[in-house]
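The values are calculated or read from the model by the stated rules, or taken from the named source; none is laboratory data. Please read all numbers here as calculations on a predicted model, not as lab measurements. Here Cβ is always computed from backbone atoms with ideal geometry, including for glycine, and neighbour counts include all displayed protein chains.
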Amino acid sequence: MQNHSGVDRIGFESKTVVITGASRGIGLEIARAFAEAGASLALISRSEEGLQRVCEGLRTQASQKCFPYPTDVRQKVEVERTIERIREDFGAIHVLVHNAGITRDGLIARMQDQAWQDVLDTNLNSAFWLTRSVSKVMIRQREGSILYISSVVGLRGNAGQSNYAASKAGLIGLGKSLAKELGSRNIRVNIVAPGFIETEMIQQLSPQQKERILANIPLRRLGRPKEIASICLFLASSWASYITGSVIQADGGLFA
């Protein structure tokens, strides 16, 4: 397994980290980073098979405690039950990384209600349900770090992605508000806003589309999932103990 920068100095031993959207892409890389840093992992995704595969791999490679919690984050009751199970299984929750997200692109005049609702429920409403449950645990232990994976689209908007942009902008507003609300309880809340990252979503683009994207990125390359994972590792660690309410934009200079 490829090491992430600084994991030998950032320790998460005895810490429980909850990660949503953890079965692939950025979420999988975030799980790997925290496993390498010694964390115990509670991984959430709709794909039970994917989660089992990820946990088996992490236990083999990093020898860390890892348990899968198949959950449809669009369902409030499922989310609340899952967080309660995690609390019972681990006894504490120190870090929440909300990475789960989908797109259902379309022009506003043609967008169906379900396309709007699915994106808002998966990307934003789930963050509210997760954080409401997790914050109660963190308040009792007077310690915690919450991270939302947003997007530069939430900062800038994008034609044909009004639902996605609204959900990701909502995460930023939610995170900044909660940073003020929970700071006195020693709970930090930060947001990561990636640009174009090498994921399955990007792989579906044509070579011409990729060329147009790269031409607008000063670093002339796509971001890597492990780079987003390293930002999360830093923000959740004691190295970032005086950072809360911040949006870390990781886009290769696209919107510099």
Next on the checklist: Residues that are part of a loop (DSSP other than H, G, I, E, B) and in contact (Cβ under 8 Å) with a residue 12 or more places away in the chain: does segment 57-70 have at least one?
Outcome noted: yes
Next on the checklist: Checking ARG87 against (1) in contact with a Cys (Cβ under 8 Å, 6 or more places away or on another chain); (2) farther than 15 Å from ALA127 by Cα, only one condition comes out false. Which one?
Outcome noted: (1)
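So that you can scan it fast, the table gives a plain yes or no per residue for (1) among the hydroxyl-bearing types (Ser, Thr, Tyr); (2) under 26 Å from SER135 (Cβ atoms); (3) surrounded by fewer than 20 Cβ atoms within 10 Å (Cβ to Cβ):
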| position | (1), (2), (3) |
| --- | --- |
| GLY21 | no, yes, no |
| LEU41 | no, yes, no |
| GLU48 | no, no, yes |
| PRO68 | no, yes, no |
| ALA92 | no, yes, yes |
Checklist entry - Based on what the data block shows, is GLU36 in contact with a His (Cβ under 7 Å, 6 or more places away or on another chain), within 26 Å of ARG142 (Cα to Cα) and acidic (Asp, Glu)? => result yes
Item to check | Failed item in (1) over 28 Å from ALA236 (Cβ atoms); (2) touching a residue at least 12 places away in the same chain (Cβ under 8 Å), with TYR148 passing the rest | outcome: (1)
Item to check | Residue among ALA39, ALA31 that alone is of a type in the set (A, V, I, L, M, F, W, C), closer than 22 Å to SER238 by Cα and touching a Phe, Trp or Tyr at 6+ places or on another chain (Cβ under 6 Å) | outcome: ALA39
Checklist outcome for this item: Filtering helices (runs of 4 or more DSSP H) wholly in segment 93-203 for at least 1 residues that are modelled with pLDDT of 95 or more gives 113-120, 126-141, 152-156, 162-182
Next on the checklist: Just to be sure I understand, how many residues within segment 199-237 are surrounded by fewer than 16 Cβ atoms within 10 Å (Cβ to Cβ), within 24 Å of VAL97 (Cα to Cα), touching a residue at least 24 places away in the same chain (Cβ under 8 Å) and not acidic (Asp, Glu)?
Outcome noted: 2
Checklist entry - Can you spot a residue in segment 216-236 that is part of a loop (DSSP other than H, G, I, E, B) and hydroxyl-bearing (Ser, Thr, Tyr)? => result no
Item to check | Qualifying position, being over 26 Å from SER230 (Cα atoms), out of contact with any Asp or Glu (no Cβ under 8 Å at 6 or more places or on another chain) and in contact (Cβ under 8 Å) with a residue 12 or more places away in the chain, among GLU143, GLU84, GLU88 | outcome: GLU84
